[in-house]
Amino acid sequence: MKRKIIMSVALSLSLLTMLLPWFGGMKGVEEVYGVILLDNPVALTCIILACVGIWTNFGYNSEIIGSIGMIGIIVMEIYEFMTWHILTISGQFDLNLSIALCYPEFYLALVCIVVTYIIYKYTNKKMNLTQ
């Protein structure tokens, strides 16, 4: 139970970084917040899978479900980083524009979810849920 609470807090803190501005031209003028990630149904599914993986007791299957969810969140954040500007600003894929208009809060969000995934894998390995 302690592991589930620790993982829920870590995941919640990682998801709270979506409330910060991730992209935009100038601070306070045109900002795109991390909640844009929730517009994508794949990202919502991954968040649900991460929660199911944390709170279910299916042994190794729970670990796989949670890992798929957290890796999916990481992939969706990177996808959003690469494509957020296509419909609003440039109309085409442009990695330089993505990098130039990205705020440090996005990188904080990415680091937080990666750390959450590492903690998840570590706690599962420590508990040895596969047996």
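Against the conditions (1) without any contact (Cβ under 8 Å) to a residue 40 or more places away in the chain; (2) in contact with a strand residue (DSSP E or B) (Cβ under 9 Å, 6 or more places away or on another chain); (3) of a type in the set (D, E, K, R), where does ASP39 fall short? Just the number, please.
(2)
Can you tell me which residue among CYS112, CYS46, CYS51 is of a type outside the set (Phe, Trp, Tyr), within 30 Å of MET1 (Cβ to Cβ) and in contact with a Ser or Thr (Cβ under 7 Å, 6 or more places away or on another chain)?
On the way: CYS46 fails: in contact with a Ser or Thr (Cβ under 7 Å, 6 or more places away or on another chain); CYS51 fails: in contact with a Ser or Thr (Cβ under 7 Å, 6 or more places away or on another chain).
Selected residue: CYS112, the only one of CYS112, CYS46, CYS51 that is of a type outside the set (Phe, Trp, Tyr), within 30 Å of MET1 (Cβ to Cβ) and in contact with a Ser or Thr (Cβ under 7 Å, 6 or more places away or on another chain).
Please indicate, with yes or no, whether at least one residue in segment 97-108 is of a type in the set (Gly, Ala, Ser), within 28 Å of ILE64 (Cβ to Cβ) and in contact with a helix residue (DSSP H, G or I) (Cβ under 7 Å, 6 or more places away or on another chain).
Among the residues of segment 97-108, not one is of a type in the set (Gly, Ala, Ser), within 28 Å of ILE64 (Cβ to Cβ) and in contact with a helix residue (DSSP H, G or I) (Cβ under 7 Å, 6 or more places away or on another chain), which makes the answer no.
No lab work stands behind these numbers, since they all come straight from the coordinates. In this text the structure is predicted, and so the values were computed from the model without any measurement. As a convention, Cβ positions derive from the backbone with ideal geometry for all residues, glycine included, and neighbour counts pool all protein chains shown.
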